[in-house]
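**Student:** Just passing along the structure, written as structure tokens.
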Amino acid sequence: MTPVVLLGGLNVVRALGMAGIPVIIASSKRRRPSMASRYCSGVIELPPIAERGAVVEALLHAARRFDSPVPLFYDNDDRLSLVQDYRAALAPHYALLLNDAGLADALVEKSRFQALAERTGLPVPRRFDWESLASAAGPVLAKPKSRTAWDHSSVRRELFGGAGKACIFASGREARARVEALAGDLADQLSFQEYVPGGDDAIWSFHGFAAPGGEVLEWFVGRKIRTWPALTGDSAYLALARDERLVALGRDIAQRLRLAGIFKMDFKRSASNGRYYLLEINTRFNLWHYLGACSGVNLPQVAYDFLTKNQRPPHAEARTRHRWLSLHYDWRAYRELNARGELGFAGWLRSLAHFPMVYDLFSWSDPMPFVRHCLGAIRSAFQRRMHRWHATAS
């Protein structure tokens, strides 16, 4: 069976594995937990992602082992940008379905996406440029213009405190003062928009796969329960949901933009007027796909079947019984909410007493990634302790 080469992690591995699709993981890290998965059938060793030309050369060298082009999947902005920027070199050797270059770049670069959305009449929050920012009287959201090389970016470190994807300020004046106090050049890396009121559970998403031209072949709707940090952070606790109004809106946006391939549209439903506001569109695979696969809609499989067989699936309505949990992030989310007096320990435990549940790392049917993660954590803790002991002894 034709494998998938995956520039990505465990949740996408498991979604593909559930469909019986072999997965070859391409990574610069040698002992990732995902490589211990029962669904991992091979590994391609890559240089660090920053060495883009060398990464592409390694992928091209690996492609020689295949008799025909195999699907290449990717799960973050750095990997997506790499594939998009080197599509001419990769396309003869890998099965790809990418958006046109102009649209693809606009979806990665958030400031360009805002301009595109306004030009095409999409329901996005009002934006503020740096000059007019101080005049914004209500809450303002600041987010990076791009999240490539995000883990080591100055915006994430200096403004967001090393966590989260955006920052909320009480007013535009406060946002401007804070950015200027840290470093004026951060302003060039940020975009500012009107903050849409509502909690974590007001964050919805429309996930799908589109044929060239924007026809959405399959989809499901997601809703966040908790994130860390709250309102602007990483997914901690997730569920699938049903909302025909959001489905209609998402399909219309895909058609208007003529999206192609995998996508995820993030929305926030305003607590003040009930309207859905489009926050961003990501055209890459993601952790939601494992939850979707467990709920009857496997978008990585849809992408695989389309790329390898030109097969279009009959629509299946996603079940909404399963939930997805990252205990690593949800514990931090609980502590943040508890410190504000919004969630007690018993209430947090009750919220987790849900069945069926799938996890970011643990799985009864695929336990070795969790085992490898735990062994790695123990080894790292031991090494830190030994380092401190040697430093004290000297």
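The values are calculated or read from the model by the stated rules, or taken from the named source; none is laboratory data. This is a predicted model, so every value here is computed, not measured. So basically every Cβ, Gly included, is an ideal-geometry build from the backbone, and we count neighbours across all protein chains shown. Just so you know, the surface numbers come from the protein's heavy atoms only, side chains and all, with ligands and any DNA or RNA stripped out. Shrake-Rupley method; radii C 1.70, N 1.55, O 1.52, S 1.80 Å.
**Student:** Comparing S191, S68, S34, which has the greatest mean-square fluctuation in the GNM of the chain with Cα pairs linked when under 10 Å apart?
**Tutor:** Result for the chain, Cα springs under 10 Å: S68 fluctuates most.
**Student:** Loop only by DSSP, 11 or fewer other Cβ within 10 Å of the Cβ. Give me the GluC sites (Glu not before Pro) in the stretch 239-334 that pass, ordered by residue number.
**Tutor:** Within the stretch 239-334, the qualifying GluC sites (Glu not before Pro) (loop, at most 11 other Cβ atoms within 10 Å) are E317.
**Student:** Any idea what the dipole of the chain comes to, in debye rounded to 20, about its Cα centre with Lys/Arg Cβ at +1 and Asp/Glu Cβ at -1?
**Tutor:** 980
**Student:** For the stretch 94-147, state the average projected area of the convex hull of the C-alpha atoms over all orientations, rounded to one decimal in nm².
**Tutor:** Dividing the Cα hull surface by four gives the mean projection, 5.2 nm².
**Student:** Going by accessible area, probe 1.4 Å, with all protein chains left in place, what is the ranking of C374, C167, largest first?
**Tutor:** C374, C167
**Student:** Quick check: at a probe of 1.4 Å, how many percent of the accessible area of the stretch 17-136 sits on carbon and sulfur atoms?
**Tutor:** 49
**Student:** Further, regarding this structure: Mind checking Rg over Rh on the stretch 1-130, alpha carbons, Kirkwood formula for Rh?
**Tutor:** 1.04
**Student:** Based on C-alpha coordinates, I'd like the Rg and Dmax of the stretch 51-187, in Å.
**Tutor:** Taking only Cα atoms of the stretch 51-187, I get Rg and Dmax of 18.9, 60 Å.
**Student:** For the stretch 248-394, give the percent of accessible area contributed by carbon and sulfur heavy atoms, probe 1.4 Å, rounded to a whole number.
**Tutor:** Carbon with sulfur: 56 percent of the solvent-accessible area.
**Student:** What pairs from K165/K224; K110/K143; K29/K224; K29/K309; K110/K165 go past 20 Å between their alpha carbons?
**Tutor:** Over 20 Å apart, Cα to Cα: K29/K224; K29/K309.
**Student:** I'd like to compare 325-334, 303-312, 376-385: which one has the highest average count of other Cβ atoms within 10 Å, and what's the full order after that?
**Tutor:** So the order, starting with the most tightly packed, is 325-334, 303-312, 376-385.
**Student:** Also: Using a 1.4 Å probe over the heavy atoms of the protein chains, calculate the carbon and sulfur portion of the accessible area of the stretch 144-227 as a whole percent.
**Tutor:** 46
**Student:** Next question. On average, how much accessible surface per residue is there in the stretch 270-327, in Å², for a 1.4 Å probe, leaving out ligands, DNA and RNA?
**Tutor:** 40
**Student:** Can you sort M357, M386, M1 by solvent-accessible area, 1.4 Å probe, largest first?
**Tutor:** Greatest to least solvent exposure: M1, M386, M357.
**Student:** Which value at 222 nm does the chain reach when only helices count, each DSSP H run of 4 or more adding -39,500 (n - 2.57), with the total divided by all residues and rounded to the nearest 500 deg cm²/dmol?
**Tutor:** Computed mean residue ellipticity for the chain: -11000 deg cm²/dmol.
**Student:** While we're on this one: How large are Rg and Dmax for the stretch 51-119 when only the alpha carbon atoms are used, in Å?
**Tutor:** According to the Cα coordinates of the stretch 51-119, Rg and Dmax are 13.7, 45 Å.
**Student:** In terms of the ratio Rg/(2.2 N^0.38 Å) built on C-alpha atoms, what value belongs to the stretch 195-344?
**Tutor:** 1.08
**Student:** Please work out, to two decimal places, the log10 of the ratio I(q)/I(0) at q = 0.06, 0.09, 0.10, 0.13 Å⁻¹ from a Debye calculation in which every Cα of the chain carries one identical scatterer.
**Tutor:** -0.24, -0.56, -0.70, -1.22
**Student:** Ordering I49, I281 from largest to smallest accessible area (1.4 angstrom probe), what's the sequence?
**Tutor:** I get I49, I281, largest accessible area first.
**Student:** So, one more: Any idea how far apart R52 and A134 come out in nm if each label point goes 7 Å out from Cα toward Cβ?
**Tutor:** Distance between the two pseudo-spin positions: 3.7 nm.
**Student:** Further question on the same structure: How large is Rg over Rh for the stretch 265-340, taking Rg from the Cα atoms and Rh as the Kirkwood inverse mean of 1/r across Cα pairs?
**Tutor:** Ratio value, two decimals: 1.07.
**Student:** Now a separate question. Could you calculate the contour length gain from M368 to D243, that is, 0.36 nm times the residue separation minus the distance between their Cα atoms, to one decimal place in nm?
**Tutor:** Here the answer is 41.4 nm.
**Student:** Under a 1.4 Å probe, what is the accessible area of the stretch 27-157 per residue, stated in Å²?
**Tutor:** The answer is 49 Å² per residue.
**Student:** What three numbers, in Å, describe the spread of the alpha carbons of the stretch 342-394 along their principal axes, ordered from the longest?
**Tutor:** 52, 34, 11
**Student:** Hey, another quick one. Set Lys and Arg Cβ to +1 and Asp and Glu Cβ to -1, take the dipole of the chain about its Cα centre, and tell me which of H328, P229, P314 lies farthest positive.
**Tutor:** Comparing the listed Cα positions along the dipole, H328 ranks first.
**Student:** Let me ask another. Name the trypsin sites (Lys or Arg not before Pro) in the stretch 1-101 that are in a loop by DSSP and that have at most 14 other C-beta atoms within 10 Å, would you?
**Tutor:** K29, R30, R31, R38, R64, R65
**Student:** So, one more: Considering only protein heavy atoms, what is the solvent-accessible area of W130 at a probe of 1.4 Å, reported in Å² to the nearest 10?
**Tutor:** Accessible area, nearest 10 Å²: 60 Å².
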